[in-house]
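For reference, the structure discussed in these notes is given below.
The values are calculated or read from the model by the stated rules, or taken from the named source; none is laboratory data. Since this is a predicted model, take the numbers as computed values, not measurements. Note that each Cβ is placed from the backbone with ideal geometry, even for glycine, and that neighbours are counted across all protein chains shown. Note: accessible area is taken over every heavy atom of the protein model, side chains too, but ligands, DNA and RNA are not part of it. Shrake-Rupley method; radii C 1.70, N 1.55, O 1.52, S 1.80 Å.
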Amino acid sequence: MASTSTPATKLLLRENVTHRVHEYPYDPRAGSFGSEAVEMLGQRLGVVPAQIFKTLVIKLSDGKLAVAVIPVPATLSLKAAAAALGGGKAVMAERSDAERATGYVLGGISPLGQRSRLRTAVDASAQQWDRVLCSAGRRGLEIELAPADLVRLAGAVVAPITTGA
C-alpha cells in the first residue's frame, strides 16, 4: 500500500481535523476519476454518489484560477461558479495550469493543501450531509470529512454552483 501522506492529509493532521482516508485501486486510463471513486467507495462506505465531490479548476475572467467543488454526478455551472467567486465569467482551466497551480495531478486535485491556495467555491449541496468525500491529493485516495471542515480549510464560499441549482 502506498503512503497516504499528501499535502491535503498533512493539513488535516496539522489542523487536528477529524477525517478518514480511503484508498482504492484506480485505472490510470479512466476517463472519469470521480465516477471511479463513486463506483469503488459508494457501496463500501455506505455513501451515495452525491456525497462524493470532485475538484474542478476554472479560469476566471480576471485570468486567475479558482476551484469549484461539486458532487461527482453533477455538472458545474461555470456562470454560477464565476458569480460565487466574483469573477464575471469562467472557463475550464488548462490541465497544465491546474496541475502547476495546485501541485496535484488531474484526477487527484484536492481542494485542500494546494501549492497556491486558490479561491474556492463548494456547492451548497455539501451542507446536507454529515460527511462528504473529496480527493486527498492523489488518484485513488479520498478524504472523508465534515463539510464544514472542508469549507473552513479551503477558505471556500458556499453557493449553488451546479447546473439546475
| Points 7 angstrom from Cα along the Cβ direction at Leu106 and Arg44: gap in nanometres? | 2.5 nm
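If you filter the range 67-165 for GluC sites (Glu not before Pro), then keep DSSP loop positions with at most 13 other Cβ within 10 Å, what is left? Mind dumping the intermediate values first?
On the way: sites: Glu94, Glu99, Glu142, Glu144; in loops: Glu94.
Qualifying residues, ordered by number: Glu94.
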| note | Relative contact order as a percentage, the range 1-146, C-alpha pairs under 8 Å and 6+ apart, gives 31 percent
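In nm, what is the difference between 0.36 nm times the number of residues separating Leu13 and Arg117 and their Cα-Cα distance?
Working: separation 104, 0.36 × 104 = 37.44 nm, distance 1.77 nm.
Full extension of this stretch gives 35.7 nm more.
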| request: Out of all DSSP beta bridges with both ends in the range 64-165, state the antiparallel percent to the nearest 5. | output: 45 percent
| field | Amide H partners (placed H, <5 Å) of Ile58, local residues excluded | value | Ala66, Val67, Ala68, Ala93
| query | What accessible area per residue, rounded to a whole number of Å², is obtained for the range 29-165 using a probe radius of 1.4 Å? | reply | 44 Å²
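Where does the chain land at 222 nm, in deg cm²/dmol rounded to the nearest 500, when only DSSP H runs of n ≥ 4 count, each adding -39500 (n - 2.57), divided by all residues?
Numbers: 5 runs with 44 residues, N = 165.
The helix contribution divided over the chain gives -7500 deg cm²/dmol.
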| query | Among Ile109, Ile58, Leu133, which residue has its Cα positioned farthest towards the positive end of the charge dipole of the chain, with +1 placed on the Cβ of Lys and Arg, -1 on the Cβ of Asp and Glu, and the dipole taken about the Cα centre? | reply | Ile58
| remark: Per the Kirkwood formula over distinct C-alpha pairs, the hydrodynamic radius of the range 1-86 in angstrom is 15.1 Å
| task | Kindly rank 82-90, 47-55 from highest to lowest mean number of other beta carbons found within 10 Å of each residue. | result | 47-55, 82-90
| request: Pull up all non-local amide H partners of Ser77: gap of 5 or more, or a different chain, and H-to-H distance under 5 Å with H placed in the peptide plane. | output: Thr162, Thr163
